[in-house]
Amino acid sequence: MTEQATENRTAIPVTARVSLRVNGVEHHLVVEPRMTLLDALREVIGLTGTKKGCDRGECGACTVHVDGRRVNACLTLAVMQDGHDVTTVEGLGTPENPHPVQRAFVANDALQCGFCTPGQVMAAAACIAEGNATAPHRIREWMSGNLCRCAAYPQIIAAIQEAAQADPVDPAHAR
Amino acid sequence: MSRARTRVDGPAKVAGVARYAADHPGPDLRHLALVTATVPAATISTVDTTAASAAPGVVAVLTHENAPRLAPPVGAPYGGRLPLQDNEVHYDGEPVAVVVADTLDHARAAADLVRVDYEVRAAITDFTAVTDLVVPSPPPRWGPADTNVGTPEPAEVTLARVYTTAARHHSPLEPSATHAEWRDGRLFVRDATQGVFGVRTVLSSVLGLPREDIRVVAEYTGGGFGAKGYVWPHQIIAAMTAVHLGGAVRLVLTRAQSFTSHGYQPPTRQRITVAAHRTGRIAALEHDSVSPTATYGGYVEMAANATRVLYAAPAIRTSHRIAPVNTILPTPMRAPHEGPGAFATESLMDELAHELGVDPLWLRLRNHADVDPTSGLPFAAKDLRACYREGARRFGWERRPLAPRSVRDGHDLVGWGMASAVMATFRFPASARVRLRVDGTVVVEAGCQEIGTGTYTILPQVAADVLGCPADQVTLRLGDTDLPETGMTAGSSTTLSVGSAISAAATTLTAQLAELAGADAVSLTGTTLELDGDPDRVVDLADLFAEHDLVEVTADGSFTPTDTGHSLHSFGAVFAEVAVDEDFGTCRVRRLVAVYNAGRIINPLTARGQMTGGLIWGIGQALLEQSTLDHELGRFVSKDLAGYLVATQADVGELEVAFVGEHDPHSGAIGARGIGELGAVGVAPAIANAVFHATGKRIRSLPITPENLL
């Protein structure tokens, strides 16, 4: 068996211009057209809070908000989000001034190694805003796209319930 | 003292500012992409890097033909073959080339252009087909390959069974990543590792560099579970490339590569026999386990270890054999040894209880081992009876009907099962330093790792307890070979081992302070010392330090595991309720109740997370996790998290965890033992036994999937 299937491929020497508004800041990028939003955030803009766990939409570690909706940043190309508003975990809150979801994650021990945590936090904030954080079984379903191998799952549910009470459903996102 | 404390690294982690190995930029950072073998056994006939070398942004392409020569690794566990040194392939996924480029895109694109031709050899990946089994040579702390004690008694009931467990992959959410910089004749490495000192030792030996010229740092590691304990080829490749080219390089494994780059839990085939009297007393136990290893190394999964310690049988015989196959070397994975092994031991006990028509918990109490039945040594602290009692009470076990298929809930058959948990206590030598500054801040230094277990939070609590100050006054520096040396953060050993070293250092520090202050004992509060427990006798640190012309007071401490003449194990009892849909064969774990004795619990908040995490790992082992090998192609079929199933939120039911027992005076200096792996033991058999109770079907192969239950 060989790598012959790829022998005629060459790197495509084209680039694309992309404008992304990330955490309220305009970024004008020149990127490889196949670059994912995830790689653009991490490698070009330098926002490494968003994590790459699988690069194929299976783990949720790269969850960000695009125009307020949660997406896996590895499953969308940067060029597809031209002109859109992106929020990463760095834009949600800071250690000194955390978002209620971030505060609840710490208070409820809803993290261990912390690698999935930015994605969990972003998914949780969206889950609450969508109105899907109404009961534990419902949160479980709506948070099942975010793997936590340390398995802090019960604590994550507790954190989301606590944050949902502190931060009522945003009517703009309610379905 | 035991005190719930939220994680001090929590705020940084939830805000995404905690930086992991792959998160560090650099002006001259180059990206590496591996080319890995697509066959499990071969000789590389040609490797053509012409197109890759000419691709945009490519700096270099290294293969076995042009890579720097390496010396054999010594001094720390290494799980691979030396990378890029010869034209041999021993497993699918073995690195055969590495591309160095200016961007990640360019490196990946060029890696696709490397053409490798193989002379393929016959490979074997099915360990059950291997006939020439090998007697392993496990590390002494794992125990011998074989044991045989006592004389079997004549028995009225004999059950001989075969249990199997699946190959599993650790799958930490952080793929392994190594950032290496070579500047001014020194190597600096940021690594996703469970042991910075092991990485330094291996790199020092293979690269021929003095240890003092290598610094390895791991501020945060995004989960390990064993995968990042041994050193593996990708770490050598990154360091070798940095030294070869100069400047900084970063190598991040793809998720697919992580299935072939740093070991896996080997599948096991366990033959286990129990002979018993009708009275319920065990007359003899035999447990023989076979598991695969690599063609080039001898990892053994010590599955029969559980049977060596669990029950007071008059005769216990165990053995382990390994079968060389064409995969990367298997490696410990949460929970090793007793993890796969207790499935056999504790399922068989359930079978025996059913055969005898007795309650499974009663049978375990009937055969309770008051001393280690293989070594004859007393246990350091056991309290398993209390675990059984407390677990049964919380679960409501006394309401369990004895007969299988007794309980229905709509479409579901409901079953209750239980099992014992047991895990050997691993300890490593450790050293630590404690510094007290004039402003009252305490800095603890120890080169261990934070892999999610709460090290940053727990170890300052240990120092604070000795010094008498609040834990918030203490910060921990870790994950750096410039700090005092510790063992790897593996085997649930860190709190016990490093905590004991910190306790010793803090004790020495308080003695020094007492001497400076002319007191017998001191206690630190803010910037003052209280002398001899008298609130009216206090001395200000500023005055004391000025008087003695000091800017800080420093003390070193160490921990050396010593033989105290005890069998060091932690125990627990796990109770499970499952619901099996009779039409679809789907099994849901409705609730788990688990009670453990793991010595003193330093931080109940993080400890609970360790145990519930372990229980969920057990759910994965029981119902989800298996890496299937395609024996035609000689490779794992699903190198991704869509095909390799780990537990998600939706798989988790109600979990209840409690601890019994307290200070263990024998294992270390702080009364604690390891907990992280214990929680993942005993869950699978408890679930399997509950499945039997629900359905009447005895499943002897993990994971239990719907087709088993239809």
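The values are calculated or read from the model by the stated rules, or taken from the named source; none is laboratory data. Being a predicted model, the structure only gives us computed values, none of them experimental. All Cβ positions, even for glycine, are placed from backbone atoms using ideal geometry, and neighbour counts span all protein chains on display. Each accessible area value is taken on the protein alone, full model and side chains, heavy atoms only, with ligands, DNA and RNA left out. Shrake-Rupley method; radii C 1.70, N 1.55, O 1.52, S 1.80 Å.
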Could you please find all residues in region B:627-658 being more than 18 Å from B:VAL589 (Cα to Cα) and polar (S, T, N, Q)? B:SER627, B:THR628, B:SER638
Reported set for region B:590-602 where residues are crowded, with 24+ Cβ neighbours inside 10 Å and over 17 Å from B:GLY391 (Cβ atoms) is B:GLY599, B:ILE602
If you go through B:ALA52, B:ALA107, B:ALA76, the only one that is part of a loop (DSSP other than H, G, I, E, B) and among the hydrophobic types (A, V, I, L, M, F, W, C) is B:ALA76
Residue in region B:627-646 that is within 12 Å of chain A (Cβ to nearest Cβ), assigned to a helix (DSSP H, G or I) and either open to solvent by less than 20 Å² (accessible area, probe 1.4 Å) or at pLDDT below 95 (or both) present: no
Scanning region A:146-164 for residues that are facing chain B (nearest Cβ under 8 Å) and in contact (Cβ under 8 Å) with a residue 60 or more places away in the chain gives A:ASN146, A:LEU147
Could you check B:ARG3 against (1) within 12 Å of chain A (Cβ to nearest Cβ); (2) open to solvent by 50 Å² or more (accessible area, probe 1.4 Å); (3) charged (D, E, K, R); (4) more than 24 Å from B:ALA238 (Cβ to Cβ) and say which number it fails? (1)
Name the pairs whose Cβ atoms lie under 8 Å apart, with the first residue in region A:83-102 and closer than 16 Å to A:GLY49 by Cα and at the interface with chain B (Cβ under 8 Å from one of its Cβ atoms), the second of a type in the set (Val, Ile, Thr) and open to solvent by 40 Å² or more (accessible area, probe 1.4 Å), and 6 or more positions between them or separate chains? A:GLU90/B:VAL17; A:THR94/B:VAL17; A:PRO95/B:VAL17
Quick one: is B:ASP583 in a loop (DSSP other than H, G, I, E, B) and of a type in the set (D, E, K, R)? yes
I'd like to check something: does region B:1-22 contain any residue that is over 29 Å from A:GLY119 (Cβ atoms), assigned by TED's automatic domain parsing to the domain that holds B:GLY247 and touching a residue at least 24 places away in the same chain (Cβ under 8 Å)? no
Got a number for residues in region B:603-626 being facing another protein chain (nearest Cβ under 8 Å), touching a helix residue (DSSP H, G or I) at 6+ places or on another chain (Cβ under 7 Å) and either open to solvent by 20 Å² or more (accessible area, probe 1.4 Å) or part of a loop (DSSP other than H, G, I, E, B) (or both)? 0
Please go through region A:43-72 and give me each residue that is of a type in the set (Lys, Arg) and either in a loop (DSSP other than H, G, I, E, B) or within 11 Å of another protein chain (Cβ to nearest Cβ) (or both), ordered by number. A:LYS51, A:LYS52, A:ARG56
Name the single residue that is farthest from A:THR117 (Cα to Cα) among those in region B:651-662 being aliphatic (A, V, I, L, M) and open to solvent by 20 Å² or more (accessible area, probe 1.4 Å). B:VAL660
Taking the stated definitions as given, is A:ALA110 in a loop (DSSP other than H, G, I, E, B), aliphatic (A, V, I, L, M) and in the same structural domain as A:ALA152 (by TED's automatic domain parsing)? yes
All but one of (1) open to solvent by 20 Å² or more (accessible area, probe 1.4 Å); (2) within 30 Å of B:ALA576 (Cα to Cα) hold for B:GLY298; which doesn't? (2)
Do you know which residues across region B:377-405 are small (Gly, Ala, Ser), touching a residue at least 40 places away in the same chain (Cβ under 8 Å) and part of a loop (DSSP other than H, G, I, E, B)? B:ALA380, B:ALA381
Of the listed residues (A:LEU29, A:LEU38, A:LEU75), the one being modelled with pLDDT of 95 or more, closer than 22 Å to B:GLN257 by Cβ, open to solvent by 10 Å² or more (accessible area, probe 1.4 Å) and more than 9 Å from chain B (Cβ to nearest Cβ) is A:LEU75
Is there a residue in region B:47-68 that is within 9 Å of chain A (Cβ to nearest Cβ), in contact (Cβ under 8 Å) with a residue 60 or more places away in the chain and buried (at least 19 other Cβ atoms within 10 Å of the Cβ)? yes
